[in-house]
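This report concerns only the one structure given below.
The values are calculated or read from the model by the stated rules, or taken from the named source; none is laboratory data. What you see is a predicted model, and the numbers here were worked out from it, not measured in a lab. So basically every Cβ, Gly included, is an ideal-geometry build from the backbone, and we count neighbours across all protein chains shown. Surface accessibility is based on the protein's heavy atoms, side chains included, excluding ligands, DNA and RNA. Shrake-Rupley method; radii C 1.70, N 1.55, O 1.52, S 1.80 Å.
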Amino acid sequence: MALAVNLAMFVVELTAGLLSGSVSLLADGIDFAGDAANYAISLAVVGLALHWRARTALLKGVTMAAFGLWVIGQAIWHWVSGVVPDAPVMGVVGVMALAANAGVAAMLYRYREGDSNMRSVWICSRNDAYSNLAVLAAAAGVFGTGSSLPDIAVACVMAGLALHGSYTVIRHAVSELRHSSPERNPTAQEEPAG
């Protein structure tokens, strides 16, 4: 269910971000795509050995970094070109995204104290709801000032969070690969997850 909601909202926010000229909606849409990919990939590799899960995490980290850099590039382009986003579209789509993330977080609330995998899914959804509030604040800022600065500022913060998360995931994945990969450590005894 969380996967389906995130995938649907990725399409909605990406389309709305492109049509409205909002970089913060693009950033939030990419975050939805990242969450959907994380859920799908995590489900696919849950029973595999640690080195396969670490390789998957490494791919996720690199993808997060690429998305973060793309959002920063879009923010710079919007700043230079003077694009002012459509605040009402930002607000409507921001409310939809907030409802989607709050719904997923409520659905996963009972897992907030579960294993690290389930807990991370809940934390992700909860944090995404905070991001949606930031998009709504950006929409209000754009509406009130007629400037793209609030939209660009929120997008840059979200891109920075993606880059920081990417760094953390890549560093952890590389560490796991060093200690668990059979190619690099033939004596490693690995156990499947679970």
Practice item. Show the residue pairs that are 6+ apart or on different chains and have beta-carbon atoms under 6 Å apart, the first residue being within the stretch 11-22 and in contact (Cβ under 8 Å) with a residue 24 or more places away in the chain, the second being surrounded by fewer than 23 Cβ atoms within 10 Å (Cβ to Cβ). Key: 16/89; 20/86; 20/89; 21/83
Exercise for review: Select from the stretch 12-52 the residues that are closer than 15 Å to residue 96 by Cα and surrounded by fewer than 20 Cβ atoms within 10 Å (Cβ to Cβ) and list them in ascending order.
Suggested key: 12, 14, 15
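State all residues of the stretch 64-80 that are modelled with pLDDT of 80 or more and either touching a Pro at 6+ places or on another chain (Cβ under 6 Å) or open to solvent by 40 Å² or more (accessible area, probe 1.4 Å) (or both); if no residue qualifies, say none.
Going residue by residue through the stretch 64-80, those that are modelled with pLDDT of 80 or more are 65-80.
Matches in the stretch 64-80: 66, 67, 69, 70, 72, 74, 76, 77, 79, 80.
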Point to revise | Count of the stretch 118-170 residues which are of a type outside the set (A, V, I, L, M), open to solvent by 40 Å² or more (accessible area, probe 1.4 Å), modelled with pLDDT of 85 or more and farther than 18 Å from residue 33 by Cα | key: 4
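Just need a number here: residues in the stretch 53-63 that are open to solvent by 60 Å² or more (accessible area, probe 1.4 Å) and either of a type in the set (A, V, I, L, M, F, W, C) or within 20 Å of residue 85 (Cβ to Cβ) (or both). Explain how you work it out, then say what you get.
Our first condition is that a residue be open to solvent by 60 Å² or more (accessible area, probe 1.4 Å); within the stretch 53-63, this holds for 53, 55, 59, 62.
When the remaining residues are screened for being either of a type in the set (A, V, I, L, M, F, W, C) or within 20 Å of residue 85 (Cβ to Cβ) (or both), the result is 59, 62.
Of the residues in the stretch 53-63, 2 are open to solvent by 60 Å² or more (accessible area, probe 1.4 Å) and either of a type in the set (A, V, I, L, M, F, W, C) or within 20 Å of residue 85 (Cβ to Cβ) (or both).
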Check your understanding: Among the residues of the stretch 81-90 satisfying the criterion of being open to solvent by less than 60 Å² (accessible area, probe 1.4 Å) and either in contact with a Pro (Cβ under 7 Å, 6 or more places away or on another chain) or in contact (Cβ under 8 Å) with a residue 60 or more places away in the chain (or both), which is farthest from residue 147 (Cα to Cα)?
Key -> 89
